[in-house]
Amino acid sequence: MPKPKQHDPAERMLNLLALLGNNAQPQTLEQIMDQMGAEYGSSDEGRRTSFERDKAALREMGVPISNIVLRGDAAGKTAYFLNKKGYGTLASQLTVDEIKALQEAAAMVQIDTEWGRRAVVRLGGVIDDHVGFGTMHLESGSLVLPELWRATNECRVVSMRYNAKDRTVHPYGLLSRDGYWYLGAYDLSRKEEVVFRVDRIQGDVVIGATQQAFVRRADYKLADAMPADAKLFDGADEQAVVRIDKVLALTVARELGQSGVILTHENGDIDVRVSCANRVAFRAWLFAMVDRAEVLSPPNVRQEVIGWLNEVASGI
């Protein structure tokens, strides 16, 4: 039986902070557990213990998590919320730069300053001095993530540039997963709910002047909106054609389904169509096949792959 995935405490605390900040109403422990899914495990006792530990750690850093006892149908239950009047306590304990570092930590920003490293450690994170191949960056002065937090919390419309297209969205929530921030939103032009990866937003975001400009779907859960296949992030309409060696053809065809196979060659090789919008996930899938896979198109993706391989060969 496979072992359950171990969730990083720093990432989990950031998601808890985002959840409380994104909800206008105080959240009970049951609601928090329901929205955060497997991040707090499966046992009731373990969930409560982890939650209490995270809550205490955030309060120790000055995050103003308050609680109230509910009345009415939920009488007697404790609900939690961010008391935004108490953010002065956080400011008194962390420098401005440390606060920014906390906002960026889960986006895999390589922080080379001492204040940034202290901030990550205070969240329970681990400093990795090795910048791995393919690590994504956010510019240190970027206000994209703080602005998205504000727009999500205040239900403001967001305009941004993403995948070389202008997008106007209703931001529903922010989630940190596997070192990256994701924005769940309703795309007004596509008229559907989409998940965007924050570090792939091009340039700044512009948030509308009107608060409460839209109503978030009451049962929306960003964790449920995340595609099961990581290659489907960032706009699944971007696809690549890849030639697979006959040795792996059967395995890949079984993985993608016959609809993904667009051509079978006489020698047993196959050409497949696969989403490549999430370059990190696509690269991991592609390179796992070593020299038995070749990107044929589109030309820009083929050139990117050649560039990645040249970087690896040169030791960059």
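The numbers here are math on the coordinates, done by the rules we state, and not lab data. None of the values given here were measured: they were computed from a predicted structure. Don't worry about glycine lacking a Cβ; one is built from the backbone with ideal geometry, like all the others, and counts go over all protein chains shown.
What the table below lists for this structure:
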| read-out | value |
| --- | --- |
| The stretch 144-226, relative contact order in percent, only Cα pairs under 8 angstrom and at least six apart counted | 34 |
| Mean Cβ neighbour count within 10 Å, used as a protection proxy, ranking 303-310, 11-18 highest first | 11-18, 303-310 |
| Theoretical FRET efficiency, 1/(1+(r/R0)^6), r = Cβ-Cβ of ARG48 and LYS165, R0 35 Å, to 0.05 | 0.20 |
| Residues THR168, THR78 arranged by fewest to most Cβ contacts within 10 Å | THR78, THR168 |
| Euclidean distance of C-alpha centroids, the stretch 162-222 and the stretch 282-316, integer Å | 29 |
| Cα Rg, Dmax (largest Cα-Cα span) when computed across the stretch 239-314, Å | 12.0, 37 |
| Rg to Rh, two decimals, where the stretch 21-60 supplies the alpha carbon set and Rh follows Kirkwood | 0.97 |
| Normalised contact order of the stretch 239-314, rounded percent, pairs of Cα under 8 Å and 6 or more residues apart | 38 |
| Quarter of the Cα convex hull surface for the stretch 144-226, i.e. its orientation-mean projected area (nm²) | 5.1 |
